[in-house]
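The values are calculated or read from the model by the stated rules, or taken from the named source; none is laboratory data. Keep in mind that this is a model prediction, so the values were computed, not measured. No Cβ is skipped: glycine too gets one built from the backbone with ideal geometry, and neighbour counts run over all protein chains shown.
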Amino acid sequence: MKQANHTFQNFITTQQLIMAIFISSTNVPIGYIVPSFPSLFWPIGPSRSSYLNSFLYYSWDIWRFTVFWSLLLSGSLYGIVGLMAAASSFMNKYRHNLEFGASGLATCIFIIILYVFAGLSKGFIGGAIIGIILAAIYQAGSLTMSTWIPFTWAVAQVLYDIISSYSTSSTIL
């Protein structure tokens with residue numbers, strides 16, 4: 001009888017473990033606090049308790065994290081490209097022995113600002129659309145979302161921008 005009771009207890013703990021893995025978005029833990037941005041915790045190691053607190057339960061938070069990551073990564077990418085374009089404009093004037101006056105400097109600054117604005121606009125629009133879709137999918141499945149998911153979607157968005165900057169790949173895609 002003792003062995004049967006022990007087997008039954010093992011079965012119960014296994015069932016509890018399986019149910020603990022499936023966390024529903026409708027079962028928000030008591031005392032839940034929305035993690036601060038960026039809240040990217042590694043799931044292995046001493047910060048395991050911090051990782052367990054890095055889930056998003058509400059649609060607003062999913063949307064917000066996705067938009068923030070998209071703004072950050074797209075703005076950074078387009079800012080770097082804008083710096084490269086401004087440097088190219090500067091080097092072109094230097095290479096052809098042209099004067100680089102105040103208008104040349106203003107042009108370089110305008111190029112950088114234009115690129116950053118384009119990146120932030122694209123990041124906001126893309127992040128907002130992706131965030132709404134992610135929130136709808138995760139809420140429909142009653143699932144929680146790790147804070148890594150919005151980050152990975154923003155990375156995918158930036159990688160798509162890089163890939164589509166080549167003319168042959170953008171024609172194929």
Output for Cβ contacts, cut-off 9 Å, separation at least six or different chains, first residue under 14 Å from I80 (Cβ atoms) in the range 106-121, second among the charged types (D, E, K, R), reads G119/D161
Per the list (1) at pLDDT 90 or above; (2) touching a Gly at 6+ places or on another chain (Cβ under 8 Å); (3) surrounded by 16 or more Cβ atoms within 10 Å (Cβ to Cβ), residue check on I111 breaks on (1)
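Matching residues to (1) under 19 Å from Y160 (Cα atoms); (2) basic (K, R):
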site	(1), (2)
W60	no, no
R64	no, yes
G75	yes, no
E99	no, no
T107	no, no
A128	yes, no
G131	yes, no
Given the condition farther than 21 Å from L143 by Cα, more than 33 Å from the chain's Cα centre (by Cα) and modelled with pLDDT of 60 or more, answer yes or no: does some residue in the range 60-79 qualify? no
Residue set A156, A135; condition of a type outside the set (S, T, Y), buried (at least 18 other Cβ atoms within 10 Å of the Cβ) and within 14 Å of the chain's Cα centre (by Cα); output residue A135
Quiz item: Out of curiosity, is G101 over 23 Å from the mean Cα position of the chain (by Cα) and exposed (fewer than 13 other Cβ atoms within 10 Å of the Cβ)?
Solution: yes
